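Visitor: Can you keep this structure in mind? I'll have questions shortly.
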Amino acid sequence: MPYRVIALDLDGTLLTPQKTILPESLEALKRAREAGYQVLIVTGRHHVAIHPFYQALALDTPAICCNGTYLYDYHAKNVLASNPMPAVEAQQLIDVLEQHQVHGLMYVDNAMLYQLPTGHVLRTENWARSLPEHQRPVFLQVPSLRDAAQQADAIWKFALTDADLGRLHEVVAHIEEKFGFACEWSWHDQVDVALAGNSKGNRLAQWVESQGMTMQDVVAFGDNYNDLSMLERAGLGIAMGNADQAIKDRVNTVIGLNTEPSIAEAIYQHLL
């Protein structure tokens, strides 16, 4: 068996635009696990926002969350390894966001916090309300992100969104220059900000090495820029057909859209 691990991004990859997993994908991944492959979620999401997908896949592996900022044991409900953002640096970042009037969703501990409800927050909250109560992620509106950052045990990342993409690009360039943070585009209008060194590829490499393997044992599926760190290092990096051309140009294989049974077909072709 040339590969041993299947690493899956969620949004834009395993998930359809309706935030569901195709039945063909579920069946193919079930067969892959029965054949001995380890299946791992590698996502930009907070662990509280992956419940329905983790449970649907019936996984026993930890999840890599917030673009590699931490490794989460879903069953034990605890963080296995992490590199969170210090409160002082988070507060400095909040100062910059306020100066540029860009709103951020702050991922902390077991919740996502915001001051003002942006379109991204409203869309995600609407999705959350469609879930059974025990699967809903925790979104909290707080009077001050700065105060909340001081009180949090761990700050995983910030998700920045703005309708003015030009302004968002300018703010990201300023943040990268001033702080040296890792800024990765996870959607066309969303940038995730975390400590430098945190990436899906780095955390995935650490985990596979802890299991006695290397990245050459990994088949990784992704669709966006925050996936490149694992797609380019995997033994087989597979981009979705809905990915930007710049991403497709940097991977081994390109498959169909996330609305089609593309992942299932790739698993049967390359693994089973």
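Visitor: Keeping to segment 149-165, report how many residues are closer than 10 Å to Asp189 by Cβ and touching a residue at least 40 places away in the same chain (Cβ under 8 Å).
Guide: So the count comes out to 4.
Visitor: Separate question: Looking at this structure, is Gly235 in contact (Cβ under 8 Å) with a residue 12 or more places away in the chain, surrounded by fewer than 22 Cβ atoms within 10 Å (Cβ to Cβ) and closer than 14 Å to Gly12 by Cα?
Guide: Criteria not met by Gly235.
Visitor: Moving on to the next point. Are there any pairs with C-beta distances below 6 angstrom linking a residue in segment 53-66 that is over 21 Å from Val108 (Cβ atoms) to a residue that is part of a loop (DSSP other than H, G, I, E, B) and modelled with pLDDT of 95 or more, with the two at least 6 apart or on different chains, and if so which?
Guide: none
Visitor: Going by the conditions given, is Glu27 of a type in the set (Asp, Glu), in contact (Cβ under 8 Å) with a residue 40 or more places away in the chain and surrounded by fewer than 23 Cβ atoms within 10 Å (Cβ to Cβ)?
Guide: Yes; evaluated as a whole, the condition is true for this residue.
Visitor: Let me ask something else. Say whether the condition of being polar (S, T, N, Q) and part of a helix (DSSP H, G or I) is met by at least one residue in segment 119-133.
Guide: Scanning segment 119-133 turns up at least one residue that is polar (S, T, N, Q) and part of a helix (DSSP H, G or I).
Visitor: Of everything in segment 238-272, what is without any contact (Cβ under 8 Å) to a residue 40 or more places away in the chain, closer than 25 Å to Val191 by Cβ and assigned to a loop (DSSP other than H, G, I, E, B)? Give them in sequence order.
Guide: Gly241, Asp244, Asp249, Arg250, Val251, Leu257
The values are calculated or read from the model by the stated rules, or taken from the named source; none is laboratory data. As the structure is a prediction and not an experimental result, all values here were calculated from the model. As a convention, Cβ positions derive from the backbone with ideal geometry for all residues, glycine included, and neighbour counts pool all protein chains shown.
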